[in-house]
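Encoded as structure tokens, the structure appears first; notes follow it.
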Amino acid sequence: MASKPSDPTRVPTALKILIAGGFGAGKTTMVASVSEIRPLQTEELLTEASTGVDDVSGVEQKTTTTVAMDFGRITIDEEIVLYLFGTPGQDRFWFLWDELALGALGAVVLADTRRLEDCFQSIDYFERRGTPFVVAVNCFDDDAEEHTPDEVREALDLEPDVPLVLCDARSRASSKAVLIALVQHVMAQLRRPTWPVALVR
Ligand SMILES: Nc1nc2c(ncn2[C@@H]2O[C@H](COP(=O)(O)OP(=O)(O)OP(=O)(O)O)[C@@H](O)[C@H]2O)c(=O)[nH]1
Ligand SMILES: [Mg+2]
């Protein structure tokens, strides 16, 4: 059966999504792997001045860090295009977060199980703002497999309705699956009645 021709005049809905998480969790990697345009990056070299400040354990090959943001784009389907904004991972760039988060419909919090506590601040931030988010555990080699998703969920004290998924930020397919989980979560939140049912009846 021939598929229905798409309407060339139809403009897809653009949604702003943040990719957040602790220092070195793989935010820039995820935006780059999934973006269909060449991502905008604001990487600067990690210098000796950062020794003892930036914890690169587990990502020793890391030579740069994001100092403003990452930007990329991915088309989910004919109706949805995501604009991705990767946040800087270090505490000294927190002042940028409110600007980046303006108008964001949802967020991915990337977690590295070797430094799980690094993503607490991101989770707190989105909980306080009421921004829907999913937690994506970036499976660095085999480290992440030592912890079950339930153990990570418990350690992060996540609300039961917050999705937790495993991913490889270097893989386009895996990163896309994370974004689809987020879009589904955002849509489920939007469908949720904000008034108690008894009051609406
Ligand atoms: N083995 C492995 N390495 C990864 C993975 N994801 C990212 N990396 C590497 O880990 C390092 C950190 O990745 P980045 O994407 O720069 O992390 P970031 O969260 O953007 O870092 P900041 O912006 O400095 O906070 C890089 O050297 C990546 O190549 C992964 O899934 N597996
Ligand atoms: Mg980065």
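The values are calculated or read from the model by the stated rules, or taken from the named source; none is laboratory data. Model, not experiment: these values are computed from the prediction. Note: ideal-geometry Cβ built from the backbone for every residue, glycine included; neighbour counts use all protein chains shown. Only protein heavy atoms, including side chains, enter the accessible area calculation; ligands, DNA and RNA are left aside. Shrake-Rupley method; radii C 1.70, N 1.55, O 1.52, S 1.80 Å.
Restrict the check to the range 110-130 and report whether at least one residue is in contact with a Cys (Cβ under 6 Å, 6 or more places away or on another chain) and of a type outside the set (A, V, I, L, M). No, every residue in the range 110-130 fails to be in contact with a Cys (Cβ under 6 Å, 6 or more places away or on another chain) and of a type outside the set (A, V, I, L, M). Would you mind stating whether Ala111 is under 27 Å from Thr9 (Cα atoms), under 15 Å from the mean Cα position of the chain (by Cα) and not basic (Lys, Arg)? So Ala111 fails the test. Examine the range 170-191 for a residue that is among the basic types (Lys, Arg), farther than 19 Å from Ile17 by Cα and at pLDDT below 95, and state whether such a residue exists. Looking for residues that are among the basic types (Lys, Arg), farther than 19 Å from Ile17 by Cα and at pLDDT below 95, one finds none in the range 170-191, hence no. Considering only the range 137-158, I want to know if a residue exists there that is open to solvent by less than 60 Å² (accessible area, probe 1.4 Å), within 16 Å of ligand 2 (Cβ to nearest atom) and not in a strand (DSSP E or B). Taking every residue of the range 137-158 in turn, at least one turns out to be open to solvent by less than 60 Å² (accessible area, probe 1.4 Å), within 16 Å of ligand 2 (Cβ to nearest atom) and not in a strand (DSSP E or B). Applying the criterion of being outside any strand (DSSP E or B) and within 16 Å of Ser33 (Cα to Cα) to the residues of the range 54-91, the residue that is modelled with the lowest pLDDT is Ile76. Of the residues making up the range 15-45, those that are buried (at least 19 other Cβ atoms within 10 Å of the Cβ) and either without any contact (Cβ under 8 Å) to a residue 12 or more places away in the chain or outside any helix (DSSP H, G or I) (or both) are Leu15, Ile17, Leu18, Ile19, Ala20, Gly21, Gly22, Phe23, Gly24, Ala25, Gly26, Ser35.
Here are some residues: Arg115, Arg129. Which one is touching a residue at least 12 places away in the same chain (Cβ under 8 Å) and under 24 Å from Glu44 (Cβ atoms)?
Just one listed residue meets the conditions, Arg115.
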